[in-house]
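Participant: Below is a structure I'd like to ask you about.
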Amino acid sequence: MKISDFLLERYFNRYEFKAPYLLSSSDCESISIRDLLILGNYKESLEKLQDLWLGYTESEGNPQLRAEIAKLYSSISSEQILCFSGAEEGIFVFLNVLLNPDDHIIVQYPAYQSLFEIANSIGCNVSKWIVEETDTEWQFNIETMKDLLQVNTKLIIINQPHNPTGSLISKDDFQSIIDIAKKRKIYLFSDEVYRLLEYSPSFRLPPACDLYENAISLGVLSKAFGLAGLRIGWIATKNAELLRKMSAFKDYTTICNSAPSEFLAILALRHRKHLVHRNLEIIKKNLKYLDEFFMDYKDLFEWKKPRAGSITLVKLKNDISSENFCKKVVDEAGILLLPSTLYEYGDSHFRLGFGRKNLPEALSAFRNFVKEYQNGKEK
Ligand SMILES: Cc1ncc(COP(=O)(O)O)c(C=O)c1O
């Protein structure tokens, strides 16, 4: 298999553990194992963790873990859940199982690269459903998606809440996508890794797998739960044949998950409301700081308040190259932002992340950088 580099992950690989300030991370604030154990009965959980057997576990995922995950859906049983090492493995396995060369697929764009790059590597024909940008918001227009449909369209890939814009389509538009997919017998892959991070519960879309038997919902503990280091992701679908094929494919990737991660993931999911609430509170607080910041620097940045999630795209005004700007920011101030070139989406935006507790500190360093940057421009 030949596949292009994952541009964003390569960039993170270069800077993530060197730059003092991360202002573009998509995962929310994490916690320690101790903090997680404390959420339950600390002594009992610690003993269980210490006595945990470190052998292989069930390939589909620990049964208790699958049962906890199933509670996130309204009509999915634990047998309809397949666990993976992160969401990334789920994307890789699903696309490899479903797609053949020359299949046509539609994908929301810009996108987390693996959502289309794996299809490219298989030799599929990929149509990009490109987001529309106004002065105040990001929008995916359903009519644009309809125009991309072909007689042989096999799969539509959506990611809501959306990486990187933080936009979220309406419930009506979501239902229209489901209706179109159902009518034309098209599979729907719904990357829901930022689900539960909607700023108002009324914005929340139902999981696609609850609405359509050929919908595949992707979930993970990395984002809303802030537990990226556990590497626990999953796919939920009512399509038994797909589940069987993905399970067989997993024998060639990771075989099973890590037992300690599964143990901790069960604990985390039993306290899911607490974890998600904590991260949403961090996000909401950070958004207030960001509102103030962007109000102060209206002449340099175009800030469109997102509707959900922990990231968004900010536009640089005055034709400034985002690639040059982000390089200067990380080299001179140690602040990591992601230029939109990493999404192959022009050179005018950067991705901002605001799910971390130290955002005020990072933003203050960014403010100092911006002041100097503007002074330099004026001279
Ligand atoms: C939209 C989307 N899908 C999938 C993933 C992969 O998640 P993980 O790193 O937990 O495997 C990410 C990570 O950033 C993402 O943003």
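Participant: Return the inverse of the average 1/r over all pairs of distinct C-alpha atoms in the chain, which is the Kirkwood hydrodynamic radius, in Å to one decimal.
Facilitator: Taking every pair of different Cα atoms in the chain, averaging 1/r and inverting gives 21.6 Å.
Participant: Give a residue-ordered list of calculated ³J(HN,Hα) values for the range 216-228 (Karplus: 6.51 cos²θ - 1.76 cosθ + 1.60, θ = phi - 60°; whole Hz; x for Gly, Pro).
Facilitator: Each residue of the range 216-228 in turn: 10, 9, 10, x, 7, 8, 5, 9, 4, 8, x, 10, 4 Hz.
Participant: In percent, what relative contact order does the range 129-240 have, based on Cα pairs under 8 Å that are 6 or more apart in sequence? Each step should come with its number before you reach the end.
Facilitator: On the way: 173 pairs, mean separation 22.3, N = 112.
RCO, the range 129-240: 20 percent.
Participant: Going highest first, how would you order 25-38, 338-351 by mean Cβ packing within 10 Å?
Facilitator: Values: 25-38: 17.6, 338-351: 21.6.
Highest-to-lowest ranking by the protection proxy: 338-351, 25-38.
Participant: How do the peptides 206-218, 247-259, 42-54 rank, highest first, by the average count of neighbouring beta carbon atoms within 10 Å per residue? Mind dumping the intermediate values first?
Facilitator: Numbers: 206-218: 21.7, 247-259: 15.6, 42-54: 11.3.
Descending packing order for the listed peptides: 206-218, 247-259, 42-54.
Participant: Give me a comma-separated list of calculated 3J(HN,Hα) values for the range 133-144, in order, Karplus coefficients 6.51, -1.76, 1.60 applied at θ = phi - 60°, integers in Hz, x for any Gly or Pro.
Facilitator: 10, 10, 5, 10, 7, 9, 9, 9, 8, 4, 4, 5
Participant: Post the alpha-carbon centroid distance, the range 352-379 to the range 307-351, in whole angstrom.
Facilitator: 12
Participant: Then there is this: Please list, in chain and number order, the residues 5+ apart from ILE81 or on another chain whose amide H is under 5 Å from its amide H, with Hs placed from the backbone.
Facilitator: none
Participant: So, one more: Specify which residue in the list LEU242, THR312, TYR252 is farthest towards the positive end of the charge dipole of the range 179-331, using unit charges on the beta carbon of Lys, Arg (+1) and Asp, Glu (-1), about the Cα centre.
Facilitator: LEU242
Participant: Using the Cα centre as the reference, give the magnitude of the dipole from point charges on the C-beta atoms of the range 326-379 (Lys, Arg: +1; Asp, Glu: -1; all else neutral), rounded to the nearest 20 debye.
Facilitator: Values: 9 positive and 7 negative charges, 37 e Å.
The calculation lands at about 180 debye.
Participant: If you don't mind, another one. Around PHE6, what is the net charge, scoring Lys/Arg as +1 and Asp/Glu as -1 over all other residues with Cβ under 13 Å from its Cβ?
Facilitator: On the way: positive: ARG10, ARG14; negative: ASP5, GLU9, GLU88, GLU117, GLU344.
Neighbourhood net charge equals -3.
Participant: Let me ask something else. Taking the Cα centre of the range 55-271 as origin, sum charge times position over the Cβ atoms of Lys and Arg (+1) and Asp and Glu (-1), and report the length of that vector in debye to the nearest 20.
Facilitator: Details: 19 positive and 26 negative charges, 103 e Å.
Dipole of the range 55-271, to the nearest 20 debye: 500 debye.
Participant: Another question about this same structure. Quick check for me: using +1 on Lys/Arg Cβ and -1 on Asp/Glu Cβ, what's the dipole size of the chain about its Cα centre, in debye to the nearest 20?
Facilitator: On the way: 47 positive and 50 negative charges, 116 e Å.
Dipole size: approximately 560 debye.
Participant: How high is the relative contact order of the range 55-271, in percent, counting Cα pairs under 8 Å that sit 6 or more residues apart?
Facilitator: Values: 410 pairs, mean separation 60.7, N = 217.
Once normalised by length, the contact order is 28 percent.
Participant: Something else now. Taking amide H positions as placed 1.01 Å from N in the peptide plane, with prolines and chain starts having none, which residues 5 or more places from LEU227, or on another chain, fall under 5 Å of its amide H?
Facilitator: SER222
Participant: Let me ask something additional. Which whole-Hz ³J(HN,Hα) couplings does the range 17-23 yield from phi under the Karplus relation 6.51 cos²θ - 1.76 cosθ + 1.60, θ = phi - 60°, glycine and proline marked x?
Facilitator: With coefficients 6.51, -1.76 and 1.60, one gets 9, 10, 6, x, 10, 9, 10 Hz.
Just so you know, all these numbers are worked out from the coordinates, no wet-lab data involved. Computed from a prediction, not measured in an experiment: that's the story for all the values here. Every residue, glycine among them, receives a Cβ derived from its backbone with ideal geometry; neighbour counts consider all protein chains shown.
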